[in-house]
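Right, one structure below, let's go through it.
The values are calculated or read from the model by the stated rules, or taken from the named source; none is laboratory data. The structure displayed is predicted, hence computed values, not measured ones. Neighbour counts are summed over all protein chains in view; Cβ atoms, including those assigned to glycine, are modelled from backbone coordinates with ideal geometry. Surface accessibility is based on the protein's heavy atoms, side chains included, excluding ligands, DNA and RNA. Shrake-Rupley method; radii C 1.70, N 1.55, O 1.52, S 1.80 Å.
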Amino acid sequence: MSLFGMGFLIVILQPSSGQFPRPCANTQSLMRKECCPPWDGDGSPCGELSSRGSCQNILLSQAPLGPQFPFSGVDDREDWPSVFYNRTCKCEGNFMGFNCGECKFGFSGLNCTERQLKTRRNIFQLTTSEKDKFLAYLNLAKNTPNQDYVIATGTYTQMNNGSNPMFRNINVYDLFVWMHYYASRDTLLGGSNVWRDIDFAHEAPGFLPWHRVFLLMWEREIQKITGDENFTIPYWDWRDAEDCVVCTDEYMGGRHPNNPNLLSPASFFSSWQVICTRSEEYNSQQALCNATGEGPILRNPGNNDKSRTPRLPSSGEVEFCLSLTQYESGSMDKMANYSFRNTLEGFADPRTAISNISQSGLHNALHIYMNGSMSQVQGSANDPVFVLHHAFVDSIFEQWLRRHRPMLEVYPAANAPIGHNRENYMVPFIPLYRNGEFFKLSRELGYDYEYLQEPALNSFQEFIIPYVEQARQIWAWLVGAAVIGGIVTALLKGLILACWKKRNRTSSEIQPLLIESEDYNNISYQSNF
């Protein structure tokens with residue numbers, strides 16, 4: 001394949017968004033707790049000489065957390081990324097990246113001033129050449145070493161508090177598999193003890209913003225290693241699907257003719273090696289996944305536990321989920337009722353929105369249905385169907401945002417499970433992103449979905465819509481204030497008229513009796529107001 005061959009000749013010039021920046025994965029940076037690499041454009045840390053950014057102390061959220069994680073100081077991911085670094089680049093304007101060498105999502109150009117809006121499309125609406133290009137890009141990412149990031153193979157304690165760095169190279173695709181693992185792995189407590197009720201990317205408010213960032217970063221990586229700046233992730237609309245229609249050799253790999261748990265040898269995905277799938281082994285060794293290959297992708301769609309997930313989600317279930325008005329509720333975890341997030345994630349019944357962890361709905365249903373590598377949380381991103389699936393989940397999130405137009409304050413500021421408060425930084429991303437920063441419409445982040453596209457707005461509409469939306473959020477208060485104001489005005493007017501009549505009566509009826517008759521004709525009328 002010519003595209004595949006050319007991929008290895010591409011020189012990656014810009015830093016990406018991921019885990020540990022290569023320039024900061026050394027003893028000096030870890031001991032100083034500082035990750036402020038120079039920008040190649042001017043050689044200064046964070047591009048400070050070019051006003052791109054500066055090296056600053058990290059400001060951590062002090063908001064209280066929920067009760068789900070009863071420990072403190074035992075997990076490197078607590079108050080991310082302060083265990084490893086307490087100073088990073090803070091970028092200005094539309095600049096972004098671990099050294100402020102990139103543009104924020106939705107911007108491009110030399111000075112990041114040009115707005116972009118790209119469209120994610122249904123994979124079945126792609127032409128044959130577009131579809132083949134997407135598959136080739138996936139394979140290229142799996143076989144291209146990441147130039148900017150490395151992964152940690154040990155905890156900070158195992159690194160002797162930074163004096164003995166433990167990092168390893170990884171390819172572009174597996175970097176994202178590893179990040180998904182790292183965010184959802186168990187806490188190692190020493191000996192053979194672990195704490196399983198912890199997840200920085202699932203089972204709490206940050207589930208949707210976290211995966212939104214994850215896809216944006218993955219999309220950008222593909223754009224960079226291929227030089228295709230217009231690339232966008234396709235999605236698979238699985239509503240009402242009878243089976244896994246993308247599980248064919250033409251798309252994401254068909255079923256092996258002799259082993260239903262493996263992929264067809266006609267698909268190059270059958271040669272992929274998975275990583276980070278042996279959580280119990282890592283826990284028993286008190287170790288982190290080191291990205292060693294652990295065997296082929298497993299997938300046996302439809303042969304799952306039907307009592308847990310009888311079928312793929314329906315259009316009606318998605319529509320019911322979208323009708324829920326609360327983004328989050330109650331304990332803000334997988335036990336939350338009437339929560340849009342928990343219902344979409346799949347821990348609440350998609351027909352009642354009542355938590356039911358014995359069943360798997362919507363997002364979770366797809367993972368369980370695939371019955372293989374995708375069905376285990378930590379290693380689920382190994383299967384490339386993961387990308388198509390989460391792009392569609394993100395589109396449902398986008399529909400909800402457009403329908404309900406929530407203000408940022410709707411996202412919980414406090415008492416969410418660890419790592420999920422609005423101002424918490426998402427694990428394990430560097431550069432740093434807060435959960436609340438991605439609780440916004442996708443157009444503001446530079447992308448849209450083909451089936452959700454709306455007419456383009458002119459500049460006046462773009463200017464006025466935020467104010468209209470704010471007014472819509474408080475319309476009930478405005479109406480109430482208007483009604484109360486009207487009542488108060490009416491009462492004041494009535495009081496004034498009553499006083500005026502009374503005063504007028506006093507002047508015309510009572511006062512003449514107190515003066516001499518000859519003086520009466522000399523009195524002039526003067527208003528008392």
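When you count the other C-beta atoms within 10 angstrom of each residue and take the mean per peptide, 148-155, 202-209 line up highest first as 202-209, 148-155.
Stretched out straight at 0.36 nm per residue, the stretch from Glu450 to Thr157 would grow longer than its current Cα-Cα span by 100.8 nm. Taking 0.36 nm per residue of separation and subtracting the Cα-Cα distance, full extension of the segment from Asp249 to Thr113 would add 44.8 nm. Extension gain, Asn259 to Ala241: 0.36 nm times the residue separation minus the Cα-Cα distance gives 4.1 nm. For Lys334, the aspartates and glutamates whose Cα falls under 17 Å of its own Cα, not counting residues fewer than eight places away in the same chain, are Asp186, Asp197, Asp199, Glu203, Glu345, Asp349.
With a Förster radius of 30 Å applied to the C-beta separation of Ser270 and Thr325, the computed FRET efficiency comes to 0.10. Counting pairs of Cα atoms in region 311-470, how many percent are more than 22 Å apart? Cα-Cα pairs in region 311-470 separated by more than 22 Å: 49 percent.
Taking 37 °C and 0.692 mPa s as conditions, region 233-332 diffuses translationally at an estimated 194 µm²/s according to Stokes-Einstein applied to its Kirkwood radius (Cα pairs). Pairwise over distinct Cα atoms, reciprocal of the mean inverse distance: report the Kirkwood radius of region 355-408 in Å, one decimal place. Answer for region 355-408: a Kirkwood hydrodynamic radius of 12.5 Å. In this structure, the amide hydrogen of Asp79, modeled 1.01 Å from its nitrogen in the peptide plane, lies closer than 5 angstrom to no residue at least 5 positions away or on a different chain. Taking label positions 7 Å along the Cα-Cβ direction at both Asn169 and Thr127, the computed distance is 3.7 nm, reported to one decimal. Shown for region 51-99: the carbon plus sulfur share of the solvent-accessible area, taken with all protein chains present and a 1.4 angstrom probe, equals 49%. Around the amide H of Asn171, modelled in the peptide plane, lie the amide H atoms of Asn146, all under 5 Å away and 5 or more residues distant in sequence or on another chain. Summarising the amide proton neighbourhood of Tyr235: residues at separation of 5 or more, or on other chains, whose placed amide H is nearer than 5 Å comprise Arg121, Asn122, Ile123.
For the residue pairs Lys104/Lys440; Lys104/Lys224; Lys133/Lys306; Lys90/Lys142, the alpha carbons lie more than 25 Å apart in Lys133/Lys306; Lys90/Lys142.
The Asn415 and Ile354 beta-carbon pair, evaluated with R₀ = 30 Å, returns a calculated FRET efficiency of approximately 0.90.
Sorted largest first by accessible area at a 1.4 angstrom probe radius, with every protein chain in place, the residues Ser267, Ser51 fall in the order Ser51, Ser267. What's the whole-number percent of alpha carbon pairs in region 47-168 lying beyond 21 angstrom? The calculated P(r) of region 47-168 puts 66 percent of pairs beyond 21 Å. With all protein chains in place and a 1.4 Å probe, the accessible surface of region 121-182 carries 41 percent carbon and sulfur.
Per the Debye formula on identical point scatterers at the alpha carbon atoms of region 169-264, with no solvent, log10 I(q)/I(0) at q = 0.13, 0.15, 0.23, 0.25 Å⁻¹ is -0.75, -0.95, -1.18, -1.19. Based on the Cβ-Cβ distance of Arg32 and Ile487, what FRET efficiency does E = 1/(1 + (r/R0)^6) give at R0 = 51 Å, to the nearest 0.05? With a Förster radius of 51 Å, E is 0.20.
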